[in-house]
Amino acid sequence: MRISFERTGGFGNVPLRAEIDTEQLPPDRKQELERLIEQARPFDQPRQSATATPDDYQYEVKIEDSSGAKTIRTTDSAAKDELKLLFDGLGEEALRKLRS
Amino acid sequence: MVYGDGDGQIFQRFTKIIDVIGHELTHGVTQYEAGLVYQDQPGALNEHFSDVFGSLVKQYAKTQKAKQADWLIGEGIFTPNVHGTALRSMKAPGTAYNDPVIGKDPQPAHMKDFVNTTSDFGGVHINSGIPNKAFYELAIALGGNAWEKAGKIWYRTLLDKVQPNTQFTQCAAMTYEVAGTLYGTGSTEQKAVKASWAVVGIAVGTTLAAATAGGRR
């Protein structure tokens, strides 16, 4: 599974972007990300949130697997808790890649 | 309105910096007085007004004149891991940080460098550098305490003129009109407003039509 992750906005608007290939991750982190995706069901909600709260985070996440590619764009305020957990997990992976 | 506790890796706690508090509270004023849409140019103006009054709160608290102020937004917000002094600079947009991990401050200081993007709600924290620079130029030109004249022009503009979809050029025309109302047509203050917007590539003062058409009262 390939994931393109982007987080922009927030008070500082320091963008956090990463291309994550779960096949390249250690087994425990691959499993954890897949669990978060399964739990969040990111594509069962509106693709584009209408909410725009000042200094909110804006997320754009594209997930590609054998069945195709889908993209979700939403904000921290609009996302349900399970989706926020997924964004946190992807954000940690992105930071890890940046620092490596 | 979102503050945030920081992540400990890039950012420290956002609530410890006075201009951040002023910035966030200004979003409340903007929401109720102007209702600026948080997207593209109106969103960048929304961010701009918050940076202006955030900075003025800091200058007022430190009793600093315009020339003494650092005009930084979020000074000291970064952890020691990051190479940068602040998140944004109103005096020199694009120079607040330059770090091998998080990158460089992306703010432009002139319309020729305007950034078209879908990220960050259409670059609201990016293109705000353009009006931020114009305000800084005005405050320096007028001298003294920035909140007394430059801040007053901007505050009356936000309260009386700005509308949900106001664009940069319209906002500039509105500040020019307000400066004329407050200090007189052709006054030093009004001329300084025009000159300050010219520094960032926005021409005003040739017609008041945009401001008049955009005014609410």
The answer for the net charge of residues other than residue B:105 whose Cβ lies under 15 angstrom from its Cβ, with Lys and Arg +1 and Asp and Glu -1, is -3
As straight-line cross-link partners of residue A:80, the qualifying lysines (C-alpha separation under 28 Å, not fewer than 8 residues apart within one chain) are A:30, A:62, A:70, A:97
In degrees, nearest 10, the alpha-carbon axis of helix A:27-40 is tilted away from the dominant principal axis of the alpha carbons of chain A by 40
Here, residue A:31 and residue B:32, labelled 7 Å along Cα→Cβ, have an inter-label distance in nm of 5.3
Excluding residues fewer than 8 positions from residue B:161 in its own chain, the lysines with Cα under 21 Å of it are B:133, B:149, B:152, B:191, B:194
With the 8 Å Cα cutoff and a minimum separation of six or more residues, chain B has a relative contact order in percent of 20
Each residue of B:41-47 has, on average, a number of other protein chain C-beta atoms within 10 Å of its C-beta equal to 1
Scoring chain A by relative contact order with C-alpha pairs under 8 Å, at least six apart, yields a percentage of 35
Where a ≥ b ≥ c are root eigenvalues of the Cα gyration tensor, a/c under 1.5 meaning rounded, otherwise prolate if a/b exceeds b/c and oblate otherwise, the stretch B:1-147 counts as rounded
Per the rule of 0.36 nm per residue minus the C-alpha distance, extending residue B:101 to residue B:159 adds in nm 16.9 nm
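The numbers here are math on the coordinates, done by the rules we state, and not lab data. Keep in mind the model is a prediction, meaning the values are calculated, not measured. Cβ coordinates were reconstructed from backbone atoms using ideal geometry, including for glycine residues, and neighbour counts include every protein chain displayed.
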